[in-house]
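In what follows, a structure is listed as structure tokens, so that the remarks can point back to it.
The values are calculated or read from the model by the stated rules, or taken from the named source; none is laboratory data. The shown structure was predicted, so the numbers you read here are calculated from the model rather than taken from an experiment. Positions of Cβ are backbone-derived with ideal geometry, glycine not excepted, and every protein chain shown enters the neighbour counts. Just the protein is used for accessible areas: all its heavy atoms, side chains included, with ligands, DNA and RNA removed. Shrake-Rupley method; radii C 1.70, N 1.55, O 1.52, S 1.80 Å.
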Amino acid sequence: MLGFPQTGLADLTLGHVLLICVGLTFIYLAIVKDFEPYELLPIGMGLILANLPGTGLLVQPQEVGGEFGTAGLLGILIEFGLLRYTVLPLLIFVGLGALTDFAPLIARPRLFLLGAAAQVGIIIAFLGALALGHFGIAEFGLEEAAAIAIIGGADGPTTIYVTARLAPEMMGITAVAAYSYMAMVAIIQPPIIRALTSKREREIYMEPELREVSKTEEILFPIVCLILIILLVPRSAPIVGMFMFGNLLRVSGAVERLSDTAQNAFINSITILLMLSIGASMPAELVMRPETLMVLALGLIAFACGTAGGVLMGKLMMLVSKEPFNPMIGACGVSAVPMSARVVQRMGQEANPNNFLLMNAMGPNVAGVVGSAVIAGILLSVLG
Amino acid sequence: MAEQIVKAPMRGRVIRVHVEKGSQVKERDRMCDIEALKMEMPIMAPASGTIKEVYISAGQEIGGGDPLFVIES
Amino acid sequence: MGIDWGLAAQISGFGFVLVFAVLIMLALAIWLVGVIVGRVATSKAEGGKKENELRN
């Protein structure tokens, strides 16, 4: 006799209901408030699907006697795209590389320093998470702390990649934290920037346009970066390799169709799969714990300290530099591209209406992506 | 009476123009909005005065250093 | 919970320094590439000019 179809209502817990509401909120934010819609809409949907009971969507493929049993769509995506083989975030990087313009950084390579300094937020969050673990407030070991800390890299796919490899039960929450704070840099960064700089410093005028960067330099950039970084930090190869590959597609001028596809159809397709999976990786059982709030708090601390670190390095460079150097662009080392750069552009014009810092700000912004990829590689080589 | 040429800060596109020949502007008034590097940014008046010339119109592509306005103050 | 603070310190300290080291090397490498590409371009331009002068 066929089993009588069961409703899911019996298995619905308060936690499920709460997260379904969170998912609906994300969808609302995406559609009505235009708040990171490309991430929050699919994540919201994934959250809802993961928290409606009895769907079978989340059943992960288990190997039994050399064969895989039945599994749900989302379970398959999560298992094979994120957990067992962390493929989806890496493929996103191909698209991101194809979308990234490195010219402002090639024109002024010293801005790499700001991309490095802003990663201090990661270190501070790492130590903070470990402290919570040490005092028994949360079950955070080295791996969990690293996964939380990488939120400060302000890079969604990097966060997802590191967390999937080191602390997979936190994948969803660290990703949501990263994307949310990236969307909120316009609120998070200005007070910190203002606190660390004087009005005079914020007014410093920088030439809006940078020197012409030749095609050859643009082509050599991803190649040189890729080889150098991977030789020094081999475990960063998955992220850096895919990122620079994508960039090469863009700048080579020889593969327009591939570049176009990478920037559009490819990254959009992978985004759909990845974001849906990320949302689905957050069933109530994993999320409804006090640790979740601590992750959110530490993530915010990471962003704040990263901003501070970048601005302080910016001040150092201002003191040492022969040409005028506005320390605010240091905040863009927190690689929320291009949100951080826009924040600094606006603050720059507020202080000095003729000052257009945008292009200068893009340099540290894209350098920060490289910096966080390198730190991710370092964390993975020690802990992964 | 001093004349100032307001130039484009970088390569981009004019989105909309807020003033015309003869308009009175105060320092920091928005004269036009440009789009560069996918961001919309205002061009503000460097000083108070009268707009003597307007060289641009909405939708126009501009290069870094191109003259946009002449202000007489 | 037993945390290996020694390893944590290593990761934080050495890791942070390593990021700076890598990015400084990158900055130098990219700067060098810029210089070399610039020199090659200039010498090509000068080579072209000299050829024209010889022809005329």
Only one residue in A:382, A:337, A:366 is touching a helix residue (DSSP H, G or I) at 6+ places or on another chain (Cβ under 6 Å), at pLDDT below 95 and within 14 Å of chain B (Cβ to nearest Cβ). Which one? A:337
How about the range A:124-155: which of its residues are under 11 Å from residue A:303 (Cα atoms) and open to solvent by 20 Å² or more (accessible area, probe 1.4 Å)? A:124
Kindly check whether there is at least one residue in the range A:16-28 that is open to solvent by less than 70 Å² (accessible area, probe 1.4 Å), closer than 23 Å to residue A:293 by Cβ, out of contact with any strand residue (DSSP E or B) (no Cβ under 6 Å at 6 or more places or on another chain) and of a type in the set (Gly, Ala, Ser). yes
One residue is enough: does the range A:279-288 have a residue meeting the conditions in contact (Cβ under 8 Å) with a residue 24 or more places away in the chain, under 30 Å from residue B:26 (Cβ atoms) and crowded, with 19+ Cβ neighbours inside 10 Å? no
From A:318, A:339, grab the single residue that is surrounded by fewer than 24 Cβ atoms within 10 Å (Cβ to Cβ) and under 21 Å from residue A:158 (Cα atoms). A:339
Applying the selection to the range A:118-139, what residues are within 8 Å of chain C (Cβ to nearest Cβ) and of a type outside the set (D, E, K, R)? A:119, A:120, A:123, A:126, A:127, A:130, A:133, A:134, A:136
Please give the number of the condition residue A:244 fails out of (1) farther than 21 Å from residue A:155 by Cβ; (2) at pLDDT 95 or above. (1)
Are any residues in the range A:68-103 open to solvent by 10 Å² or more (accessible area, probe 1.4 Å) and either within 14 Å of chain C (Cβ to nearest Cβ) or without any contact (Cβ under 8 Å) to a residue 60 or more places away in the chain (or both), and if so, which ones? A:68, A:69, A:70, A:71, A:73, A:76, A:79, A:80, A:84, A:85, A:87, A:103
In this structure, is residue A:115 within 11 Å of chain C (Cβ to nearest Cβ) and surrounded by fewer than 24 Cβ atoms within 10 Å (Cβ to Cβ)? no
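Quickly run through the range B:56-72 and pick out the residues that are touching a Pro at 6+ places or on another chain (Cβ under 9 Å) and more than 14 Å from residue B:15 (Cα to Cα). If you could, list the steps in order and put the result at the bottom.
First pass over the range B:56-72, keeping only residues touching a Pro at 6+ places or on another chain (Cβ under 9 Å): B:56, B:64-65, B:71.
Passing the criteria: B:64, B:65, B:71.
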Considering the range A:244-256 alone, what residues qualify as being open to solvent by 10 Å² or more (accessible area, probe 1.4 Å) and in contact with a Leu (Cβ under 6 Å, 6 or more places away or on another chain)? A:249, A:255
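Filter the range A:29-54 down to residues that are part of a loop (DSSP other than H, G, I, E, B), open to solvent by less than 70 Å² (accessible area, probe 1.4 Å) and without any contact (Cβ under 8 Å) to a residue 60 or more places away in the chain, then give me how many there are.
From the range A:29-54, those part of a loop (DSSP other than H, G, I, E, B) are A:33-36, A:52-54; that's our starting set.
Now drop any that are not open to solvent by less than 70 Å² (accessible area, probe 1.4 Å), which leaves A:35-36, A:53.
Checking which are without any contact (Cβ under 8 Å) to a residue 60 or more places away in the chain leaves us with A:53.
Qualifying residue count for the region: 1.
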Failed item, numbered, when residue A:269 is tested on (1) crowded, with 20+ Cβ neighbours inside 10 Å; (2) more than 30 Å from residue A:108 (Cβ to Cβ): (1)
For residue C:3, which of the numbered conditions (1) within 8 Å of chain A (Cβ to nearest Cβ); (2) part of a helix (DSSP H, G or I); (3) not aromatic (Phe, Trp, Tyr) fails to hold? (2)
Condition set surrounded by 15 or more Cβ atoms within 10 Å (Cβ to Cβ), assigned to a loop (DSSP other than H, G, I, E, B) and polar (S, T, N, Q), scope the range A:188-243, selection nearest to the other protein chains (Cβ to nearest Cβ): answer is A:214
So how many residues does the range A:316-366 have that are of a type in the set (A, V, I, L, M) and in a loop (DSSP other than H, G, I, E, B)? 4
Here the residues within the range A:345-355 that are open to solvent by less than 20 Å² (accessible area, probe 1.4 Å), within 11 Å of another protein chain (Cβ to nearest Cβ) and closer than 15 Å to residue A:185 by Cα are A:345
